[in-house]
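Asker: Please read through the structure below; I'll follow up with questions.
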Amino acid sequence: AQAGTRVRRQVRLECRPRSRPSKRRLAMLPLGAVAHLDAPAPDAVKEKYSRFWYVQAALFIVLAVGQAIGGDVIAVFFTSILAGVVIYMVKEDCRHMSMYCLFLFGMMTAFQAFFELINLLTSVGGRRTQTTVVSSGGDKTTTYTTSVTVHPFFDKSQGMQYNIQSAMMIASPIAMLLAAVLAYYSYNAFPTSMFPEDDAESMPMHGRGFGDYGSGPAYGGNFARPAATPQSMGRPQQASAPRLFEGSGQRLGS
């Protein structure tokens with residue numbers, strides 16, 4: 001009975017479940033450095049670029065007024081939002097001008113400038129207006145007549161609104177491009193970056209392996225390999241199989 005009790009104790013110890021990782025270890029997962037994204041703007045931005053941001057806000061306001069005269073309601077709404085974002089970032093001594101806001105603002109204005117520049121290049125040779133007239137015949141037929149008229153980019157005969165629309169098509173991509181450039185320089189004035197150089201995700205692919213999410217060797221990563229010995233050179237390496245049922249015997253109860 002005593003020997004049987006000892007055997008049961010050994011089985012109980014071997015079948016004990018693995019301990020769960022502690023909360024402290026789970027909390028140390030690399031989630032990225034995000035605390036510095038809300039850091040206040042440095043003195044270089046406040047002293048050197050804040051005046052240009054005020055000019056950019058005024059430029060957006062003038063652009064929105066011109067678009068309102070031209071009758072482009074959607075463009076007025078979008079440009080007004082951009083002007084409000086600039087005023088929000090630059091007020092109270094650039095208190096809300098964080099790296100995150102500058103990055104998103106610069107990307108948005110850069111994409112907007114790109115698409116508006118494409119629209120300008122397709123219209124600079126002449127703006128096209130398309131009208132469709134629907135007429136019904138006596139024998140229960142309906143006729144659709146579409147007329148396409150091409151006017152010069154600036155045409156006095158089309159009135160003031162037409163020419164203001166053409167002027168805004170030139171001014172809008174310029175304003176967006178200036179905003180993107182200003183956001184770029186203001187972002188680079190920060191002493192840190194949104195993407196740290198020591199972050200595993202920002203390292204080049206050839207410098208880290210696919211499994212290098214943490215520590216230890218990984219597939220394709222840079223890790224030390226065991227040096228080849230003279231006995232192992234010239235012949236394939238074989239993995240040693242586990243040896244079972246070896247060792248000295250023990251008698252229970254002894």
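Asker: Once R0 is set to 45 Å, what does the formula 1/(1 + (r/R0)^6) return for the Cβ-Cβ distance between Tyr88 and Thr142, expressed as a FRET efficiency to the nearest 0.05? All intermediate terms of the calculation are to be shown ahead of the outcome.
Answerer: Values: r = 53 Å, r/R0 = 1.17.
It comes out at approximately 0.30.
Asker: At a 1.4 Å probe radius, which order do Ser193, Ser172 fall into by accessible area, largest first?
Answerer: Working: Ser193 45, Ser172 5 Å².
Per-residue accessible area, sorted high to low, gives Ser193, Ser172.
Asker: In nm, to one decimal, how far is the Ser193 label point from the Asp43 one, both placed 7 Å along Cα→Cβ?
Answerer: 2.5 nm
Asker: Separate question: Top to bottom by accessible area (1.4 Å), largest first, where do Leu63, Leu177 land?
Answerer: Working: Leu63 10, Leu177 105 Å².
Correct descending sequence by accessible area is Leu177, Leu63.
Asker: A follow-up question, please. ³J(HN,Hα) across the range 122-136 via Karplus (A = 6.51, B = -1.76, C = 1.60, θ = phi - 60°), whole Hz, x for Gly/Pro?
Answerer: The phi angles translate into 7, 10, 5, x, x, 8, 9, 10, 10, 10, 10, 10, 10, 10, 9 Hz.
Asker: Would you kindly state how much longer the chain becomes between Ser50 and Tyr100 on full extension, computed as 0.36 nm times their sequence separation minus their alpha carbon distance, in nm to one decimal? Mind dumping the intermediate values first?
Answerer: Values: separation 50, 0.36 × 50 = 18.00 nm, distance 1.70 nm.
Going from the current span to full extension adds 16.3 nm.
Asker: So, by mean Cβ neighbours within 10 angstrom, what's the order for 123-129, 47-53, 178-184 with the highest one leading? Before the final figure, lay out the partial values.
Answerer: Working: 123-129: 12.9, 47-53: 15.3, 178-184: 19.9.
Result, highest mean Cβ count within 10 Å first: 178-184, 47-53, 123-129.
Asker: Can you tell me the FRET efficiency between Leu120 and Lys156 if r is taken as the Cβ-Cβ distance and R0 is 22 Å, rounded to the nearest 0.05?
Answerer: Numbers: r = 20 Å, r/R0 = 0.92.
The computed FRET efficiency comes out at 0.60.
Asker: Just from the alpha-carbon atoms, what are the Rg and Dmax of the range 77-188 in angstroms?
Answerer: 21.0, 73
Asker: Hey, another quick one. Set the Förster distance to 45 Å, then compute FRET efficiency between Ala58 and Ser135 from the Cβ-Cβ distance, nearest 0.05. Before the final figure, lay out the partial values.
Answerer: Values: r = 50 Å, r/R0 = 1.11.
Efficiency at R0 = 45 Å is approximately 0.35.
The values are calculated or read from the model by the stated rules, or taken from the named source; none is laboratory data. All figures in this text were calculated on a predicted structure; none of them were measured in a lab. Ideal geometry is used to build each Cβ from the backbone, glycine not excepted, and the neighbour counts take in all protein chains shown. Areas reflect the complete protein model, heavy atoms only, side chains present, ligands, DNA and RNA absent. Shrake-Rupley method; radii C 1.70, N 1.55, O 1.52, S 1.80 Å.
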